[in-house]
Structures are given as C-alpha cells and as structure tokens.
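Reading through the structure tokens given below for one structure.
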Amino acid sequence: MSVIETFLNLPRYQKRIISVVSDMVVLFFAIWAAFALRLEQHLWVPNWDQVVVAAVTVFFTIAAFIRLGLYRAVIRYLSDKAFLTIIYGVALSSLSLIVLGYLLQVFVPRSVPVIYGALAFLFVSGSRLGVRMLVNHPRQRRKEAVAIIGAGQTGMQLASALSQGTEYRPVLFVTFERANHKAMINGLPVVSVDHIAKHAAKHRVQRLLLALDADSRVDRKALLKQLEPLSLPVQTVPSMSELVAGQARINDIRDLEIEDLLGRDPVRPDTAIVADSLYQKAVMVTGAGGSIGSELCRQILRHKPRTLVLFEQSEFSLYAIERELQSINLVEGLGVELHPLLGSVSHRRRCETVMKAFGIQTVYHAAAYKHVPLVEHNVIEGVQNNVFGTWHAAEAAVAADVERFVLISTDKAVRPTNVMGASKRLAELVLQGLAQRQTNTVFSMVRFGNVLGSSGSVVPLFRDQIRDGGPLTVTHPDIIRYFMTIPEASQLVLQAGSMGVGGEVFVLDMGEPVKIADLARKMIHLMGLEEKTEDDPDGDVEVVYTGLRPGEKLYEELLIGDDPQGTAHPRIMMAREASMSWTEVEATLDKLMRASQSFDCRSVVEVLRTAPTGYAPNGEVADLVWCVGSTQPPAVTNEGNVRRLPV
C-alpha cells in the first residue's frame, strides 16, 4: 500500500491532526522566511520576543482556520470556497502579526506581514493542491476519457460534474464555432467539430457526450452523420426541462434520445388550443397503461383537467401509471382528481357507467392490440378488441353525452395487408358512421406511423440486441417506416382532439420515411461498434434479414387518397377518404359478430376484406388456433343459437 493510500485510509480526526500540524510548520516557516527576505539574512535567527509573537500568530491563525471551517473541507474535493477560507485566514493572520508586534513592542518591519501573508497563502493552499493532485491523478487516469460536444453552459456543467465523478474524465470540448478552435476552457482544449476525428484519436477519446444547450441551433441529424464514422459510443445528457424539474442530474449519461435517431424536428402542438380543450375538463383515457395511453395521461395531467380517469384492463400497468401520475400531481401541485379504473372497452355497460359517473367530456381511445404478428396469430381477439372495443366505447360515449371522442389509429390502416391494420381501418369507419348518425359527440381519428420507444418498437429491440452482441434482426433490406416519438404522437392526438368537428381522419406530415436497415447500422456505429459483413468479418455486430412476417408489408402509407386537406396546424393534414353510412356499418358489424361468435377466422378475414377497408391479405389465415385444426363448431344453446361472446 502506497503512502497516499495509507493517508486516505486514516480516520478523519487523524487526517485533521496531520493538516493542523502541517499548517503550523508551514506558517512558522512563512514567518521566518518573511523576516529573512526582508532583512536579507539567509540564516536569520529570531530573538525570544519574535518567537513568542510568531507562536501566538500561528496559534491564532490555526484557531481562525478552525473557526472558518477549513479543516472540515475534504482535500480531494477542494472547492473555490476553501481557497477563499484560506485567504480570509491568512489576512487575519497577517493582521494579528501586526497587532502583536505593536502590543508587545517587538521589532516587526512593516513589509514582513505582507511578505508573510503571501508566503502563508502559497504554502497552505499549495500543500493542499499538491495532496489533491497526488490523490486525484491516479483516480483520473482510471476514468474513461470522454469528449464533450458542446462548449456552452450545459457542456461546462457536465465537465464539472464528471470531474467529481468516478466514471468519466473530460479531455476535450468540441465547439461549433470555428473562432473558438484551440481555445481552453477549465484547462481543457477546445476544438472545432471539423477536427474532431484528429483530436479524438490524439486524446484517446473513448466516448462522445452530447451536451447541447436548449437554444442550440445545431443540426443534430448532420452532426450524428459526422460522428457516425468515428465508431465511438455517442451518448447524451438530460434535457434542461428534466434538470429544472429535478427528474435527472447533469451527469446522468444515457443513450441517444430517440429524437436524435429520428433525424427531424418534432411536431409542436398549438398549446393554447390544446389547453383550452382540456383545462378543468373531465377526461378519460382508455388503455391508460400502454405506451401511448400513459404518455397521453402525462401530457393531459399538465393541462390541469378537473378529472382524469385512467381506464385499463392490465392491473399492473394501471398501478404503475397511477402511481407515477399521483407523484407528478403532488410534486407540481396540479390538483387533478385521478381515478384508476380496471375494465375492458369491450364491456359497453362498464364504459357507459364510468363515463356517466364522472361526467366525462372527452375520451381518448388508446386501447387496442397493435402488434401486427400477434394480432395475425390471434384474429378473433384482435377484432374483438380493436373493432368491437372501439364500437362499444363509442356507443357508451354517445349514451353518456361525451363531447369529444378521439381514436388513436395507425398508418397500417391504409391499404392494410394484415388483420391489425384492417381492424383499425374498420374502427375508423365505425366512428365515421357514428359521426353521421348523431351530432352530440364529435368523433375524430388520428393516424400516425410507428412510435419509437413504445412496446415492440425497433429501437429498444436493436439496443438490446447490440448489447447482447447481435445479430440485429431486420425483416427485409428494403423495408421502410414512418416514425414518431411517443410524446410527439401524444401531442398530435391532443391537438386533433381539439380540432375535430366530426368524422375527420387527421394525419401528420412526418417527413421522409426511415429505412430500417439504415437505422440498424446507424445505431451500431453510434454505440461505438462496427458492422460485421463479408467485407469486414472482424466487425462486432451483424445485421441479419429474417424475411417479412405474416401481414407485414415493405412500405406503409398515411393516406388512402392523394388529396389531403390542410388544417390550422401546418404539419397536420386531414384525409379525404371514403366512408360508410351507419346502416352499412351496422350490417358489416353484424356479419363480423356472427363470424367471431362462430370462431370462424376465415369468415372474419373475408368480412374485413369485403368491407371498404382496402384490406388485401398477403397470405393465408395465420391464426394459431385455426392453423392447428381446432375449428370444431362451438357449443350451441338449446335454442340452436351460437353462444355470444361476452360484451
């Protein structure tokens, strides 16, 4: 064990005793050196009176240091305040030397206290700096070298926090202003982003940390494209809103935000319109524990509705979101009445009773089965939940005089090739029919693409596969998808909920679609790894193509027609698409109900296909029970009627 480690392992009181003795020695030496320099005598020997004055001065100074709290400061974490304490103590010490010399009539030249003060500060602070350097240097070398991208306030806060931590050692600042190239901040070199490759290698950078200020106008998509060839892990720090809210600390390093991978500016809602439609209203969210439903609840809560009803069939999901919302409600003092209710949207009476009991004015219907292969393998349940669940919830809303009912739909409802998409398109048609049948409840639908970060999203899946060493599974090299973030999708739903006047299908201008294979490769590179290919067999992670799954197609669309209508929001469009009269909707639902009650998956698929959904299945029925031959007719009652599914 080294001397430094032995010193660090001593009890706190022993360290303080050593510090006091050390300071006494250097203070005596500083007084002697001050006299020797002033009198120009290298071997100056004090008389007895001068020894007494020096001793009293030193003891007074030690007492001042104790009173000022210098010995409570941990040397390895010495701050600016500690140096101010030393300055105050040394100033008092110099003053005491002058006073004692005058009172005791001891010869103390006028320049000696000044020289002594300077030397005392150098010796006392220098000894501590030296110890701190000896202690911290080995610890710093063991840390991972990181470059901080962003030399603004956020970057400097991050550097300060990391220097006190145990994992990362800032070695470099990266700036976007060429004029600051080769400057120094807090002892760290600053380089232009154009020279990052050269300096990252020079300083042996092992990780890149994005610390961009909230008002930064940096093009993140272009920046990530520039960083990708470095094959260094790229991570980010919490947003300023999270820091202000106390939800995270500046040194909580995390993987890249999904917004960064998305590569475009998120759609911003008109907060005034949204707030007006929610403030002091009674709101209900179905599927409140799901990825979309839970985010809807978070955003609705901050608009301060009078009542927020969380309707969910999963007990654990309901418990989790209710606990989180209660915490936000309490911390932010929102004063919203929260009511967690278990129930299924397939039970019309339950829905109607809940809506009437709490005087619900707006319903956001997020409850649905959304995973394409799972619904393809469970046809009856998918139709029951997505079609009849929507119908029953909507009828309950009409009966309870709900003002607005907003359906969360999907781009897979456009020319669907799978049961999930067809069921969501039929759900849209049901609401359009209801919008024509009555006028008390305003029905509207919001259609958007894949939601990044939701359950089943490719981003967390790819992240887990990369951490497990691969391979990354992509269904097809040419498959593309539109993407949104969960908060963005939720904001669009709230915006549309306030814009609808009856039966509209709102869609988002989502920019360019993303090629899934390119997204996979980008994630590999931005996590500091190389793709394993035939040309590079020594790479880290391989991308494997597994083939399209049942009901999956290469390209998703957001519009059936090619003539969308604009709205008050520049990034939200309204689809002009065919609808059905309520009589036609009712007839279709009756056929679908009979097929479902018979557990006849082929007939269910046929009803979905013949309805004006645009459904064109790209394979045979894939229901797991149907495929293994369990197609015996269901039990019948004495009257010869097929037993009805519970509703």
Could you put C627, C601 in order, starting from the residue whose Cβ has the fewest other Cβ atoms within 10 Å? C627, C601
Rounded, prolate or oblate for segment 17-56? Axes are the square roots of the Cα gyration tensor eigenvalues, ordered a ≥ b ≥ c, and the cut-off for rounded is a/c under 1.5. oblate
Loop chymotrypsin sites (Phe, Trp or Tyr not before Pro), segment 149-223 (other Cβ atoms within 10 Å of the site Cβ: 16 or fewer; DSSP): none
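Compute the length gained on full extension between N186 and E40: take 0.36 nm times their separation in residues and subtract their Cα-Cα distance, giving the result in nm to one decimal.
So the chain would gain 48.6 nm between N186 and E40.
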Cross-link partners among lysines for K591, C-alpha distance below 18 Å, same-chain residues fewer than 8 apart left out? K424
With a Förster radius of 60 Å, plug the Cβ-Cβ distance of R302 and R16 into 1/(1 + (r/R0)^6) and report the FRET value to the nearest 0.05. 0.75
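Can you list the chymotrypsin sites (Phe, Trp or Tyr not before Pro) in segment 273-323 that are in a DSSP coil and have 11 or fewer other beta carbons within 10 angstrom?
Y279
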Using the basic label-point model (7 angstrom from Cα toward the beta carbon), what is the R72 to S603 distance in nanometres? 8.2
Return, ordered by residue number, the residues of segment 22-37 whose backbone nitrogen is under 15 Å from a label point located 7 Å along Cα→Cβ of S111. 33-37
Can you sort W32, W391, W626, W44 so the residue with the fewest Cβ neighbours within 10 Å comes first? W44, W32, W626, W391
With 31 Å as the limit, write out which pairs from K356/K412; K143/K198; K281/K370; K225/K304 have Cα-Cα distances beyond it, or answer none. K356/K412; K225/K304
Straight-line reach only, C-alpha to C-alpha below 23 angstrom: list the lysines that K15 could link to, leaving out same-chain residues fewer than 8 apart. K81
GluC sites (Glu not before Pro) within segment 269-357: DSSP coil, no more than 14 neighbouring Cβ in 10 Å: E332
If neighbour count is taken as other Cβ atoms inside 10 Å, put K304, K281, K225 in order from fewest to most. K225, K304, K281
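Quick note: the coordinates plus some simple rules give every number you see, no bench work behind them. The shown structure was predicted, so the numbers you read here are calculated from the model rather than taken from an experiment. Here the Cβ is made from the backbone with ideal geometry for all residues, glycine too, and neighbour counts use every protein chain on show.
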